[in-house]
């Protein structure tokens, strides 16, 4: 599931970093899975010039709803528009 969503979101990374050459292969170099009332995935995606994009998925988040309603919200996806390093958290 994560890989499929990542592939579909490459365009969003390119939209956040318009300077990435079209022939540059975007790929995650770190993935951190954080279980909570949902599942959070933090990824670092390699960019040119030893820079990285921080990408966050939130999957399966539960929201406050009417009693008995256990529906799950839509996954969210965010790309931080500021390049980072591997050491940045």
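The values are calculated or read from the model by the stated rules, or taken from the named source; none is laboratory data. Only a predicted model underlies this, so the values are computations on that prediction, with no experimental measurement involved. Glycine also receives a Cβ, built like all others from the backbone with ideal geometry; neighbour counts cover every protein chain displayed.
Quick notes
- In segment 17-35, the residues that are within 18 Å of residue 75 (Cβ to Cβ) and in contact with a strand residue (DSSP E or B) (Cβ under 9 Å, 6 or more places away or on another chain): 28, 31, 32, 33, 34
- Residue match in segment 26-44 (condition: outside any strand (DSSP E or B), in contact with a helix residue (DSSP H, G or I) (Cβ under 7 Å, 6 or more places away or on another chain), surrounded by 18 or more Cβ atoms within 10 Å (Cβ to Cβ) and free of Cβ contacts under 8 Å to residues at least 60 places away in the same chain): yes
- Hey, residue 60 modelled with pLDDT under 90, over 15 Å from residue 17 (Cβ atoms) and either touching a helix residue (DSSP H, G or I) at 6+ places or on another chain (Cβ under 9 Å) or surrounded by 12 or more Cβ atoms within 10 Å (Cβ to Cβ) (or both) or not: yes
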